[in-house]
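Step one of this worksheet: look at the structure below.
The values are calculated or read from the model by the stated rules, or taken from the named source; none is laboratory data. All values derive from a computational prediction rather than experimental measurement. All Cβ positions, glycine included, derive from the backbone under ideal geometry; neighbour counts span all protein chains shown. What goes into the accessible areas is simple: the full protein's heavy atoms, side chains included, and nothing from ligands, DNA or RNA. Shrake-Rupley method; radii C 1.70, N 1.55, O 1.52, S 1.80 Å.
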Amino acid sequence: MAKICCFFNYPPHYRYPIYKAMSENFDCDFFFGDTVFETIRKFDVKKLKGFKKNLKVVKTKFKDYVWYKGCLQLLNFKYDYYILTGENCIIPNWLILLWAKMTNKKVLLWTHGIHETLSKKSTRLVCNMFYAHADYLLMYNNYNWSYMEKIGCDSRRMRTIHNSLDTSLQTKIYSTLKPSSIFKEHFGNDNPVVIYIGRIQKRKKVEQIVESLLMGKKQGFEFNLVIVGLDQDNGSVLRMVEQYGLSKNVWFYGPCFDENVNAQLLYDSSVCVCPSEVGLTAIHALSYGCPVISNDNFEKQMPEFESIIEGKTGSFFRENDIEDLLNKIKYWCCLSETGRDKTRNDARKLILNEWSIDYQINVLKELLK
């Protein structure tokens, strides 16, 4: 069996299931850095079979470029493959690419890649030197392929590996779900329910859901809003709800780390809305059969926007257009029971086929031979 070195910039909690599956299917040594662009829960790396070491990031004089203390031990003849966080700001990645060329090893970059046209020739050159010299690019989505080709990457060396959560756990929970009365008991009405699940941050634009709630109320279309997540915006959304007199229609549920509870909330909701970049919220919601609405600015979206199939697993609204957002909400809130069941089935099928641990392992098995 081939020996694989996995060097990732951080061990986020949500990625433990895929790393665990990798450790069970391949002979992997895992090394993790300690840096990420925002605060994310870590998993206990000592629980991961094949874990070798945490590497501490060291900032350099070069803007945005980082070094990792102790990373030279990764240049080892015993490894046949390297799987790396595909960011060119990580200096050891460049060394590993060079080492691999010299020693006939193979490098797989697990990467978002480029998601916009690069105007600067120097930036295009650097990106070409980095990405085009990997043996394979493990892309989070299909959308960015065209941008990678523009900088000289060969599409034959690209694979879409997508992203995933804990597929096995969520499948087990989903099999036990049935409609509950949790929303009727809280709100005291039968209005359809829109859910937002994630941190309450300014960049998430949660206030746009509140604005659509107010607009709907004025038009005679009422729905309830459930907000699940930690408030990191100093209560601005809460104040907005109170100012508009919508407190009876909005439930600030707060942060919830009980997956069984989150599953029931998503299962019972008519639709999940994330007005800004949707990210893994889409995978979370669809895993429990809840359709997702997000904005249509795909260049600024996170890779998971591709799990939204218009009219089937969700919708896109014109970015920052509250009236259009409300129209999309109306569509999903007014589905028949038959239509809602079909959406659940479509969402689950999509997750299992393209956004699951099994799908990702199969992609890796194709390449790690």
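In segment 256-276, of all residues being of a type in the set (A, V, I, L, M, F, W, C) and touching a strand residue (DSSP E or B) at 6+ places or on another chain (Cβ under 7 Å), the one that is most open to solvent (accessible area, probe 1.4 Å) corresponds to C256. Just checking, does segment 192-212 include any residue being touching a residue at least 40 places away in the same chain (Cβ under 8 Å), at positive phi and open to solvent by less than 60 Å² (accessible area, probe 1.4 Å)? Yes, that holds for at least one residue.
Within segment 266-275, is even one residue under 23 Å from I40 (Cα atoms), within 21 Å of the chain's Cα centre (by Cα) and part of a loop (DSSP other than H, G, I, E, B)? Yes. Within segment 301-316, being open to solvent by 10 Å² or more (accessible area, probe 1.4 Å), more than 23 Å from G113 (Cα to Cα) and outside any strand (DSSP E or B) holds for G311, K312. Here N88 fulfils each of the conditions (1) of a type outside the set (A, V, I, L, M); (2) surrounded by fewer than 22 Cβ atoms within 10 Å (Cβ to Cβ); (3) under 20 Å from K369 (Cα atoms) apart from (3). For S294, indicate whether it is modelled with pLDDT of 95 or more, part of a strand (DSSP E or B), touching a Gly at 6+ places or on another chain (Cβ under 8 Å) and under 23 Å from F221 (Cα atoms). It is true that S294 is modelled with pLDDT of 95 or more, part of a strand (DSSP E or B), touching a Gly at 6+ places or on another chain (Cβ under 8 Å) and under 23 Å from F221 (Cα atoms). Among the numbered conditions (1) under 25 Å from the mean Cα position of the chain (by Cα); (2) over 30 Å from F257 (Cβ atoms), the only one that W67 does not meet is (1).
Annotation note: Cβ proximity below 9 Å between a residue of segment 156-168 that is more than 11 Å from I18 (Cβ to Cβ) and free of Cβ contacts under 8 Å to residues at least 40 places away in the same chain and a residue that is charged (D, E, K, R) and in a loop (DSSP other than H, G, I, E, B) (sequence gap 6+ or interchain) occurs for R157/D135.
A residue that is at pLDDT 95 or above, open to solvent by 10 Å² or more (accessible area, probe 1.4 Å), at positive phi and not in a helix (DSSP H, G or I) can be found somewhere in segment 97-120.
Can you pull out every residue in segment 8-62 that is assigned to a helix (DSSP H, G or I), open to solvent by less than 50 Å² (accessible area, probe 1.4 Å) and not small (G, A, S)?
Scanning segment 8-62 gives R15, P17, I18, Y19, M22, V45.
In this entry, Y136 passes the filter for residues that are at pLDDT 95 or above and touching a strand residue (DSSP E or B) at 6+ places or on another chain (Cβ under 9 Å). Selection over segment 277-300 of residues that are of a type in the set (A, V, I, L, M, F, W, C) and open to solvent by 50 Å² or more (accessible area, probe 1.4 Å) gives a count of 1. Looking at segment 159-176, can you tell me whether even one residue there is of a type in the set (A, V, I, L, M, F, W, C), over 21 Å from A263 (Cα atoms) and in contact with a helix residue (DSSP H, G or I) (Cβ under 7 Å, 6 or more places away or on another chain)? Yes, segment 159-176 has at least one match. Only a single item in (1) within 29 Å of W110 (Cβ to Cβ); (2) out of contact with any Lys or Arg (no Cβ under 6 Å at 6 or more places or on another chain); (3) in contact (Cβ under 8 Å) with a residue 24 or more places away in the chain; (4) open to solvent by 10 Å² or more (accessible area, probe 1.4 Å) is not met by D346, and it is number (2). Yes or no: S247 under 18 Å from the mean Cα position of the chain (by Cα) and polar (S, T, N, Q)? No.
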